[in-house]
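J.: The structure is given below, and queries will be raised subsequently.
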Amino acid sequence: MRSNIFMKDRVAIVGAGLTTFMRRALETPRELAWEAAKMALDSAGLTLKDIDCVVIGSAPDTFDGMHFKGEYLADGSGAINKPMTRVYVGGGTGVFVPESAYWHIASGVCKKVLVIAEEKMSPAHPHPQYVFKYIWDPIIERPLGPNLIWIFAMEMRRYMAKCGAKKEDIALVSVKNKRNALDHPAALTAANITVDDVLKSETLVWPVNLLDVSPVTDGAAALVMTSENVAREITDTPVWVDGIGFTLENQHWYNRELAFPRYLNHAARMAYKMAGIERPWKEIDVAEPYDPFDYKELHHIEGLMLARPCEAWKLVKEGYFNRDGELPTSPSGGLLGVGNPIAAAGTMKVAELFWQLRYEAGKRQVKKPVHKAVANAWGDLMQAGTVIVLSN
Amino acid sequence: MGVLMSRVGIVGAGWYGFKPTTIDISFQDMMFESSARAYSSAKIDPRYDVDAFVDCQEDMWEGIAIADEFAPEPIGGALRPTFTVAGDGLEGIAHAYMLIKTGHFNVVSVESHGKPSEIKTLQDIYRFALDPLHVRPLDYVNPLFYAGLDAVAYMKRTGAKREHLAMVAVKNKNNGLSNERASFSTKLDLDYVLSSNYSIYPMTNYEIAPFSDASITFVLANEEYAKKLTDNPVWIDGIGYSTETGTGATEWHEWGKMKSFRNAAIMAYKLANLNGNPQVDFAEVEDRFSFMELLALEETMLVKESEAHKMLEKGDFNRDGYLPINPSGGSLSMGIQLEATGLSRLLEAYLQLTGKAGNHQLKNVRRGLVASWRGVPTYTSMVALLSV
Amino acid sequence: MSSKINKLPGIKLKENEMYSLIGLVEDMPQAKYDFAAGTTISKFLQGLKEGKILGRKCPKCGRIFVPPRSYCEWCHVATNEWVEVPQTGEIHTAVITYISTKREKIEKPEVVGTIKLDVPGYRDGEYEFAGLFHKICVDPQDVISGKAIGMKVKVKWKPKEERTGSILDIECFEPL
């Protein structure tokens, strides 16, 4: 990974769109993709004819009950007689799709790219979570009958043991995010809750309670990304993609220290280096770290070097990451507050930073002035770290 | 603009398998074997010299939700920039091409594999790709009927006869006899084909590619690195991919044509700064259904519309003909390896251009075309233009 | 955006509304696979049947992997030596589950976790280690109190006649 000083054309995000995030939607997956795509195109003042390439992100095909899911979503995502590709790194896909669009444009192959992330989890019977049975190694892990929440619980327990964090400290993240989400029009699980509510909710896999987890969700998010020249014609306030980073760790998560996500750290370093950021904890103004579970936001804040390892849980207590704090995180409300349609969640976070950097986030706008932002997503068996650095 | 003008070349390739079953080896071990061979042929250490790793897989072929979990370790991508493209291997090559053209990545590896022998319910997986609301409930026997529909429409439009489709199978199955990767080649006469029962009208079993297991890895590099790493890089002059429509919206598809091949070819030729016919010496094109070889040649503009079957009859596409097509025997004799099929075609073209095609080596070939399709029920195709 | 738009597209359904939709199609994938374990994992499973835990060594970096791999992911070379490793270790992390794979409540809560095995060649506190993910036969209270983290454990095997060459031949890990 090296900085290319000859690259004159930058890549920008010029539009974003979102559907409501729902527990179960009436719309089909293609309709969800279309709604988000249409909104993104409208916001950029473009039509489908203007688009050169389409990049789709969607996680396990098994949720929708489709094989070749990308092909199925193609027409809803505008890929009629266009180059279309589907990239996939599990939950990391949400942030990875705009990263992939970055090299579509920076390579000179495409000028205007429509980025769509969609997920419809509700078709899965009897409960979408059962689909996660198939992510495990068929021989060494599946016979033990694992549930996806086990792996997060194990990581949370390790983080608590190594860093001295308690459940009530970690629950503050859920409280913060669900409250932030009250101002988000797409939010599914926004609420004004207390730490007590979290601790009293159903214990799924100790130490994880129901309110520590983001919900099963249907939804779609879309972005329009273009080269610099095109961006300047479309808008006075393009949001630049300064850095991208992505890493996939090995599959043997039980051979690794779970208290710190080094795969995310590698991806973050890659993105920061490309963006020319040397002290992220000082230079980043707002962040959207991936938060499928409350402790995961802390884990990722540390992986992104926005706080030192094992320090993030202390800073939450001080309000450091609140919207009016020093380094606001998840001002959107994150996955905990808005919802977690696996692939679309990450793109929702990128869309949020897009609006924050243009001062268009309305009631969710963070208090301090914003110039540089970072979003990350996570995926697979504690493996995928995808990071994107944006600026205005 | 200096970096954008730099070419992208293939500096190494490796493969493992190309057999109907590979029961003694797990899919990950196959990935390790093919990637180890590729890195060795490029003389690089993937842990230090490769900047990004692209893997091409589809969940439902693998039997594992989130198949990219098992991708990094065997291809050398653990804790490195690795990702999965849910598409054909040639789409992965397109990503690698773009990554290198950004100037931020110098060497990128692309792997894809298929292990259809492990899928016990292959037909059902195909069925699972059909539109769940409008097509799946129709309760037909074989989901590959889409190919038959396109074949019939193609024949009507171009005047190609049933015999021409059979001739493709005869040419390819016989070509494969000299290719160690063609497990399904056989000495075939035209009357054997014409006297067989139809499998999917208007094609017999000879004209529908069977399945085989394989893993294939390629190493790509920018011009500077390519020249350092090897004496005979194969340049990717252009690459394109396109989707005509989604699998739930077949009403947009023009039956008897494959617009996605045409759009992909146009994209590839534009990147190669060409107008129209790319003037290649040979081509490895999609032939998992016999008629598709002829259609692909016309849509990629290698031959004029409705001319392919006439040229085939004259022998122009034979190994000793004017424009050898699928000298390797194509998928009809090598089998299809699911998403790795595009890389199989690319591998055969790469071996031709580097003089390593052994018994089926063509003479004096410097430019080649590769065209691949994702198969029923998709309308997505990929085209790559290569030269040395 | 959101300063101008209050209602985003999307129509919510309740569970009973979804199941009483006209045109609802139910479908069940027939997706069955036969996974080849490969020589390395097959030998590992054979070892389990015999009551042994086998690891595999990388000739370049010297790491001993459990579960064994055919290749070292850090060096990208084939592993070359089988090593029988000690059956003791310490708990890296443990949790108590109250739900099944299908998200249903289970009768008796189970403790599962990852165990770092006492395999030589790894430094203390190193990020990577040889280990397994399995059930742990320990008091759930110890998980909550933290006593379980770092607790020394050993393998508890199923009776010899019940072992089939599967990861489940290990019944659980129990305190020393």
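None of the figures in this text is laboratory data; all of them are computed from the coordinates on show. All of these numbers come straight from a predicted model, not from anything done at the bench. Every residue, glycine among them, receives a Cβ derived from its backbone with ideal geometry; neighbour counts consider all protein chains shown.
J.: So, in nm, how far is label residue B:251 from label residue C:12 when the simple model puts each one 7 Å beyond its Cα toward the Cβ?
T.: 3.2 nm
J.: So, one more: Based on the alpha-carbon set only, what is the convex hull volume of chain C divided per residue, in Å³? Display every interim value, and only then the final one.
T.: On the way: hull volume 47.0 nm³, N = 176.
Expressed per residue, the convex hull around the Cα atoms of chain C is 267 Å³.
J.: Taking H as built 1.01 Å from N, whose amide H comes closer than 5 Å to the amide H of residue B:204, not counting residues under 5 places away?
T.: Long-range HN contacts for residue B:204: B:199.
J.: May I ask you to evaluate 6.51 cos²θ - 1.76 cosθ + 1.60, the Karplus curve with θ = phi - 60°, for each residue of region A:19-35 and list the ³J(HN,Hα) values in order in whole Hz, giving x for glycine and proline?
T.: 3J(HN,Hα) across region A:19-35, in whole Hz: 9, 5, 9, 10, 5, 8, 9, 6, 5, 7, x, 5, 5, 4, 4, 4, 4.
J.: Need one number: convex hull volume per residue for region A:297-392, Cα atoms only, in Å³.
T.: Looking at region A:297-392, the number lands at 99 Å³ per residue.
J.: Oh, and also: Can you give me the long-range amide H partners of residue A:340? Hydrogens built in the peptide plane at 1.01 Å from N, cutoff under 5 Å, separation of 5 or more residues or another chain.
T.: Residues meeting the amide H criterion: A:217.
J.: Taking 2.2 N^0.38 Å as the expected size of a compact globular protein, what ratio does the Cα radius of gyration of region B:70-180 give against it, to two decimals?
T.: 1.53
J.: Starting from the exponent 0.38 and prefactor 2.2 Å, build the expected Rg for region A:1-91 from its residue count and divide its actual Cα Rg by it.
T.: Ratio of Cα Rg to 2.2 N^0.38 Å: 1.25.
J.: Running Debye on region C:86-176 with equal point scatterers at the Cα sites and no solvent, what base-10 log of I(q)/I(0) appears at q = 0.16 Å⁻¹?
T.: Rounded to two decimals, the profile gives -0.69.
J.: Checking the a/c ratio against 1.5 first, then a/b against b/c, what shape does the Cα gyration tensor give for the protein assembly as shown?
T.: Judged from the Cα gyration tensor, the protein assembly as shown comes out prolate (a/c at least 1.5, a/b above b/c).
J.: Given 20 °C and 1.002 mPa s, how large is the Stokes-Einstein diffusion coefficient of region A:256-296 in µm²/s, with Rh as the Kirkwood radius over Cα pairs?
T.: 182 µm²/s
J.: Per residue of region A:149-160, what does 6.51 cos²θ - 1.76 cosθ + 1.60 with θ = phi - 60° give for ³J(HN,Hα)? Whole Hz please, x for Gly and Pro, Karplus curve as stated.
T.: 5, 4, 5, 5, 4, 5, 5, 4, 5, 5, 4, 4
J.: Could you compute the net charge surrounding residue C:36? Neighbours are other residues with a C-beta less than 14 Å from the C-beta of residue C:36; K and R count +1, D and E count -1.
T.: After counting each charged neighbour, the total is -4.
J.: Then there's this: If a/c stays under 1.5 just call it rounded; otherwise compare a/b with b/c (prolate if a/b is bigger, oblate if not). Do that for region B:21-61, with a ≥ b ≥ c from the square roots of the Cα gyration tensor eigenvalues.
T.: oblate
J.: Another question, if that's okay. By per-residue mean of other Cβ atoms within 10 Å, what is the highest-first order of C:143-149, B:99-105, A:254-260, C:9-15?
T.: Packing proxy ranking, top to bottom: B:99-105, A:254-260, C:143-149, C:9-15.
J.: Now a separate question. Looking at the square roots a ≥ b ≥ c of the eigenvalues of the Cα gyration tensor of region B:252-384, which shape do they give, rounded for a/c under 1.5, prolate if a/b is larger than b/c, or oblate?
T.: Rounded, because the longest to shortest axis ratio a/c is under 1.5.
J.: Once each part is reduced to its C-alpha centroid, what is the distance from region A:17-46 to region A:135-202 in angstrom?
T.: 27 Å
J.: A further question on this structure: Under the definition of partner shielding as Cβ atoms of other protein chains within 10 Å of a residue Cβ, what is the mean value for peptide B:118-130? Could the numbers behind the result be given before it?
T.: Details: counts 5, 4, 5, 5, 2, 1, 6, 7, 2, 4, 11, 7, 4.
Other-chain Cβ atoms within 10 Å of each residue's Cβ, averaged: 5.
J.: Sticking with this one: Check the straight Cα-Cα distances from residue A:317 and name the lysines below 17 Å, setting aside those fewer than 8 residues away within the same chain.
T.: Reachable lysines: A:166, A:167, A:176, A:178, A:296.
J.: Under 8 Å for C-alpha pairs, at least 6 residues apart: give me the relative contact order for region A:17-141, rounded to a whole percent.
T.: This gives 33 percent for region A:17-141.
J.: May I ask for log10 I(q)/I(0) of chain A at q = 0.09, 0.10, 0.13 Å⁻¹, from a Debye sum over the Cα atoms as equal point scatterers with solvent left out?
T.: -0.45, -0.57, -1.00
J.: Just counting partner chain Cβ atoms within 10 Å, what average do the residues of peptide B:12-25 show around their Cβ?
T.: Neighbouring Cβ atoms belonging to other protein chains average 1 per residue here.
J.: Would you please put B:125-135, B:57-67, B:22-32 in order of how densely packed they are, using the mean number of other Cβ atoms within 10 angstrom per residue and starting with the highest?
T.: Top of the packing list down: B:57-67, B:22-32, B:125-135.
J.: Counting only C-alpha contacts under 8 Å and six or more residues apart, can you give the relative contact order of chain A as a whole percent? Working shown, then result.
T.: Numbers: 983 pairs, mean separation 101.7, N = 392.
Computed value for chain A: 26 percent relative contact order.
J.: Please give the helix B:27-42 orientation as an angle from the longest Cα principal axis of chain B, in degrees from 0 to 90, rounded to the nearest 10.
T.: Result, in degrees: 60.
J.: A follow-up question, please. How many Cβ atoms of partner chains, on average, are near each residue of A:382-392 if near means within 10 Å of its Cβ?
T.: If you average over the peptide's residues, the count of other-chain Cβ atoms is 2.
J.: Here's something else I'd like to know. How would you rank B:106-112, A:126-132, B:168-174, highest first, on the average number of other Cβ atoms within 10 Å across their residues?
T.: Taking the mean over residues of other Cβ atoms within 10 Å, the ranking is B:106-112, B:168-174, A:126-132.
J.: Just to confirm my numbers, what's the Cα centroid distance between region B:102-164 and region B:294-335 in Å?
T.: When both Cα centres are located, 20 Å separates them.
J.: Still on this structure, I have one more. Kindly write out, for region A:331-343 in residue order, the coupling ³J(HN,Hα) from the Karplus curve 6.51 cos²θ - 1.76 cosθ + 1.60 (θ = phi - 60°), rounded to whole Hz, with x marking Gly and Pro.
T.: x, 5, x, x, 6, 5, x, 8, x, 10, x, 2, 7
J.: Let me ask you something else. What residues qualify as long-range amide H neighbours of residue B:56, i.e. H under 5 Å apart, gap of 5 or more or another chain, H built at 1.01 Å from N?
T.: Here B:85, B:111, B:112, B:113 satisfy the definition.
J.: Then there's this: Taking the Cα centre of chain C as origin and charging only Cβ (+1 Lys, Arg; -1 Asp, Glu), how large is the dipole, in debye to the nearest 20?
T.: On the way: 27 positive and 24 negative charges, 74 e Å.
Here the size comes out at about 360 debye.
J.: Using 1/(1 + (r/R0)^6) with R0 = 30 angstrom and r between the beta carbons of residue B:23 and residue B:123, what's the FRET efficiency to the nearest 0.05?
T.: The computed FRET efficiency comes out at 0.90.
J.: Per residue and in cubic angstrom, what volume does the convex hull of the Cα atoms of chain B have?
T.: Numbers: hull volume 50.6 nm³, N = 388.
Here the figure is 130 Å³ per residue.
J.: I need to check one value: relative contact order of region C:38-175, counting alpha carbon pairs closer than 8 Å and at least 6 residues apart, in percent.
T.: 24 percent
J.: Moving to a separate point now. Which of A:349/C:14; A:367/B:101; B:187/B:304; B:101/B:173 have a Cα-Cα distance over 32 Å?
T.: Listed pairs above 32 Å: A:367/B:101; B:101/B:173.
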